[in-house]
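Notes follow the structure.
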Amino acid sequence: MRPLTGRARIAGVMGWPIAHSRSPRLHGFWLERYGIDGAYLPFPVRPEKLAEALRALPPLGLRGVNVTLPYKEAALAVVDRASEAARRIGAVNTVVVSDGGELEGSNTDGYGFLEHLKASVPAFQAAAGPAVLLGAGGAARAIGVSLLDAGVPELRLANRTAHRAAALAEALGPRATPVDWTDRAAVLSGASLLVNSSTLGMAGQPPLTLALDDLPPDATVYDIVYVPLETPLLAAARARGNPCVDGLGMLLHQAVRGFELWFGRRPEVTSELRSIVEADLTKV
């Protein structure tokens, strides 16, 4: 680790809990790689202290923070300014302290999702056909906004809790359609993209049960779960020949913009970085 000076740029990540976060690992890799005088630290912030902690960033001289669960929506109400994407998504995951000491919030989850998709499946075209999105939480909202902005003609939303899918569809607009969870397999017909944004299939969570028989063989399957990296959904899709995208790259790509704003250098997502973070996933 490089020694810090009095000019060091400091950023970090706020959450509760925060010990599981891989963000310090990946930002630390970039700081070391580019020889930057700076540090990225984990900040365990209790729920009742979030606003106070964010407001403390400017007087402490920090450049900003990532905001992770369970604070992404709450942070939107604290920042002084929010990007259009953050307002549409209803959540902030990146906070930058401006030169004037104001808190500027943005959301890079959708950006990270699309960048990893384009890097993994260069031939993918959003306008090629409908997308099926499983889940209706914060990640689903960010992904839905990014897909519609990219030109997806129709977004079919399925969630175990029907009213949440309906609310998300209404918020996203006329190209988004809620479908009953029991119909999730049937709406795969004609789709060019299937995305699991739910926690189903994640280690310690219930499995995702989904028959892929009606999914076109050239449709891309994207699971944002990254523990495990090869989820049962991806294994089933890979076995039938569908292009597959795992969730780790989304984590890496969403971090690019924050790092650039805090530390003044646009970092690269490389195979070396991916290997390091992937190996870290196996650690307790």
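The values are calculated or read from the model by the stated rules, or taken from the named source; none is laboratory data. Since this is a predicted model, take the numbers as computed values, not measurements. Cβ sites come from the backbone with ideal geometry, for glycine too, and all protein chains shown count toward neighbours. Each accessible area value is taken on the protein alone, full model and side chains, heavy atoms only, with ligands, DNA and RNA left out. Shrake-Rupley method; radii C 1.70, N 1.55, O 1.52, S 1.80 Å.
Assorted remarks:
- Within the set Asp246, Asp223, the sole residue that is within 18 Å of the chain's Cα centre (by Cα) and crowded, with 23+ Cβ neighbours inside 10 Å turns out to be Asp223.
- Strands (runs of 3 or more DSSP E) fully within the stretch 51-145 counting 3 or more residues that are more than 22 Å from Ile18 (Cα to Cα): 131-134
- Cβ separations smaller than 8 Å between residues 6+ apart or across chains give the following pairs from the stretch 257-278 residues that are free of Cβ contacts under 8 Å to residues at least 24 places away in the same chain to residues that are assigned to a loop (DSSP other than H, G, I, E, B): Glu260/Arg266; Glu260/Pro267.
- Test result for Leu215, over 20 Å from the mean Cα position of the chain (by Cα) and either of a type in the set (A, V, I, L, M, F, W, C) or open to solvent by 30 Å² or more (accessible area, probe 1.4 Å) (or both): yes
- Within the stretch 193-207, the set of residues being open to solvent by 30 Å² or more (accessible area, probe 1.4 Å), under 23 Å from His116 (Cβ atoms) and touching a residue at least 24 places away in the same chain (Cβ under 8 Å) comprises Thr199, Met202, Ala203.
- Selection from the stretch 40-82 of residues that are more than 10 Å from Val95 (Cβ to Cβ) and in contact with a His (Cβ under 9 Å, 6 or more places away or on another chain): Tyr40
- The numbered conditions (1) open to solvent by less than 50 Å² (accessible area, probe 1.4 Å); (2) over 11 Å from Leu193 (Cβ atoms); (3) touching a residue at least 60 places away in the same chain (Cβ under 8 Å) are all true for Gly129 except (2).
- Subset of the stretch 89-109 that is of a type in the set (Gly, Ala, Ser) and modelled with pLDDT under 95 - its residue that is surrounded by the most Cβ atoms within 10 Å (Cβ to Cβ): Ala91
- Test result for Gly190, under 30 Å from Ser23 (Cβ atoms), assigned to a loop (DSSP other than H, G, I, E, B), open to solvent by 30 Å² or more (accessible area, probe 1.4 Å) and not charged (D, E, K, R): no
- Residue match in the stretch 26-36 (condition: open to solvent by 20 Å² or more (accessible area, probe 1.4 Å) and either among the hydroxyl-bearing types (Ser, Thr, Tyr) or over 22 Å from Val277 (Cα atoms) (or both)): yes
- Pick from the stretch 8-25, criterion modelled with pLDDT of 95 or more and either over 13 Å from Phe259 (Cα atoms) or in a loop (DSSP other than H, G, I, E, B) (or both), ranking: least open to solvent (accessible area, probe 1.4 Å): Met14
- Filter pass, Ala140 being closer than 24 Å to Leu69 by Cα, within 12 Å of the chain's Cα centre (by Cα) and among the small types (Gly, Ala, Ser): yes
- Selection count, the stretch 148-169, where residues are part of a helix (DSSP H, G or I), open to solvent by 60 Å² or more (accessible area, probe 1.4 Å) and under 19 Å from Arg184 (Cβ atoms): 3
- Test: residue in the stretch 67-87 that is open to solvent by less than 40 Å² (accessible area, probe 1.4 Å), of a type in the set (Ser, Thr, Tyr), touching a strand residue (DSSP E or B) at 6+ places or on another chain (Cβ under 6 Å) and free of Cβ contacts under 8 Å to residues at least 24 places away in the same chain: no
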